[in-house]
1. Using modelled backbone amide H atoms (1.01 Å from N, in-plane), which distant-in-sequence or interchain residues come within less than 5 Å of Ala183's amide H?
2. For Met206 and Arg84, what is the calculated FRET efficiency with R₀ set at 35 Å and r taken between the beta-carbons, to the nearest 0.05?
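Derivation of every value follows stated rules applied to the coordinates shown; laboratory data play no part. Just so you know, these numbers come straight off a predicted model, no measurement behind them. FYI the Cβ positions are ideal-geometry reconstructions off the backbone, even for glycines, and counts take in every protein chain you see.
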Amino acid sequence: MTWVVLIALVVLVLAVLLWLMRRRREGWEAVAAALMVGLAGYALQGQPAMPSAMKAPSNPAAGNGKALVEERQKLSGQDPTKNRWIVPGDALAMHGQYAEAATVLRGAVEADPKNGDAWLAIANALVSHAEGNISPAALYAFRQAQNADPKAPGPSFFLGLAMARAGRFDETRSLWADLVAKAPADAPWRDDIAMRLKRLDELMAMLRQRAQAEAAAPQGAPMAPPMAAPMAAPQ
């Protein structure tokens, strides 16, 4: 069926071109030859019966800027409108302009080096700008955020999230487990992070089972594709 459609399309294109070039007969042969060469090339290399290959999704570690900002604000419990630097920085991050956001947010930490929320906003912007990679600058910002407010959950949570997106699940688990263990029983964010920790444990268990199955399977036996980590940006 594919060949019928293709040949019909070639004939149609040739007819239209010949009609447009009806006063220039010397070009007909060249047009027809070009179409025939294209058809022959498809015959040699085209595989219409082959199923289409799905494109790998872009790295989710870049994150959803709006969701990351909203989650940070929720965890911090602070009013971001009180800081003239954080407001435009968050607005830029929400629109995916992470490098610009980090530049603007530097003004907040230069004015107040103890501003943990601003340091955390910079860290998230740098990770997103690096498409999920935790650069030395981002790691420094995470540490500064933690030092500014050791009891704040944001630095450990978002550093763990960035590590999970990079496949560093053991480090994520260590950060989140410690965070949940030290959280006050009435902390509004405790249950949410505990649920994420539970999902992480389930994922790690599945990955271990898969590794064991691959080790036990005969060499060359096909394996099911790995499941995507449920570590999407916070909603």
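1. Under 5 Å from the amide H of Ala183: no residue qualifies.
2. 0.15
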